1. Considering the stretch 44-60 alone, what residues qualify as being closer than 15 Å to Asp81 by Cβ, touching a residue at least 40 places away in the same chain (Cβ under 8 Å) and in contact with a Ser or Thr (Cβ under 9 Å, 6 or more places away or on another chain)?
2. Exactly one condition in (1) in contact with an Asp or Glu (Cβ under 8 Å, 6 or more places away or on another chain); (2) on the phi > 0 side of the Ramachandran plot is not met by Met76; state its number.
3. Against the conditions (1) more than 12 Å from the chain's Cα centre (by Cα); (2) more than 18 Å from Ala119 (Cβ to Cβ); (3) at pLDDT 95 or above, where does Ala51 fall short? Just the number, please.
4. Quick check on this structure: which one of Val116, Val103 is under 13 Å from the mean Cα position of the chain (by Cα) and surrounded by 14 or more Cβ atoms within 10 Å (Cβ to Cβ)?
5. Just a yes or no: is a residue in the stretch 67-87 hydroxyl-bearing (Ser, Thr, Tyr), touching a residue at least 12 places away in the same chain (Cβ under 8 Å) and in contact with a Cys (Cβ under 8 Å, 6 or more places away or on another chain)?
Amino acid sequence: MRFCGRLAGALLLAAAGCRQDDPGPAALRLTTEQFRSLAWLEGGWRGRDSALVFYERYRLLDDSTLRGYSYADSAMAAPTDSGLIEMRGGRVETGTDQARWVVTAISGDSVRFDPVHGATNSFTWRRDGPDAWNAVLVFRDSAGGTRVKSYRMERWPPR
């Protein structure tokens, strides 16, 4: 399972790089109420930039688990991939055995994930009203440079 949101397949894992010696960021400890504030992610979404279009759906399974699904096309008939954002002991993580991220900041309309192993990029999801949000990925290289990539997520199908 390599999901983490198609923002994993297309966006997150594309930037994965090994950082075995990095202890990673300090994980933010969340309450159930803070985790449930991610409910704005629920529903279907079309993600895009100038060269890429992809489709996702998010669903809160319970008070500590959000499942995301990726789809090959706009019909969103059958998922091609899926993954979890899970809160366990107040710590929220997403990813795979190869690359994992942890929540380091959260508000009512944004959440930031930083790498804990196997990845060098961080990403922030920022709500932009009830029908849109932005995924902003920050890639770091070994020389200390950074590159930013943004994806616009719009409710799909539109209301």
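1. Scanning the stretch 44-60 gives Phe54, Tyr55, Glu56.
2. (1)
3. Unmet for Ala51, out of (1) more than 12 Å from the chain's Cα centre (by Cα); (2) more than 18 Å from Ala119 (Cβ to Cβ); (3) at pLDDT 95 or above: (3).
4. One residue alone meets the criteria, Val103.
5. If we filter the stretch 67-87 for residues that are hydroxyl-bearing (Ser, Thr, Tyr), which is where we start, we get 69-71, 74, 80, 82.
Narrowing the set further to residues that are touching a residue at least 12 places away in the same chain (Cβ under 8 Å) leaves 69-71, 74, 82.
Then drop every residue that is not in contact with a Cys (Cβ under 8 Å, 6 or more places away or on another chain), which leaves none.
Scanning the stretch 67-87 turns up no residue that is hydroxyl-bearing (Ser, Thr, Tyr), touching a residue at least 12 places away in the same chain (Cβ under 8 Å) and in contact with a Cys (Cβ under 8 Å, 6 or more places away or on another chain).
Okay, residues lined up against (1) modelled with pLDDT of 95 or more; (2) under 25 Å from Ser37 (Cα atoms):
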{"site": "Ile106", "(1), (2)": "yes, yes"}
{"site": "Asp114", "(1), (2)": "yes, yes"}
{"site": "Ala119", "(1), (2)": "no, no"}
{"site": "Arg126", "(1), (2)": "yes, yes"}
{"site": "Gly129", "(1), (2)": "yes, yes"}
{"site": "Trp133", "(1), (2)": "yes, yes"}
{"site": "Arg152", "(1), (2)": "yes, yes"}
{"site": "Arg155", "(1), (2)": "yes, yes"}
{"site": "Pro158", "(1), (2)": "no, yes"}
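The values are calculated or read from the model by the stated rules, or taken from the named source; none is laboratory data. In this text, all values refer to a predicted model and were calculated from it rather than measured experimentally. Positions of Cβ are backbone-derived with ideal geometry, glycine not excepted, and every protein chain shown enters the neighbour counts.
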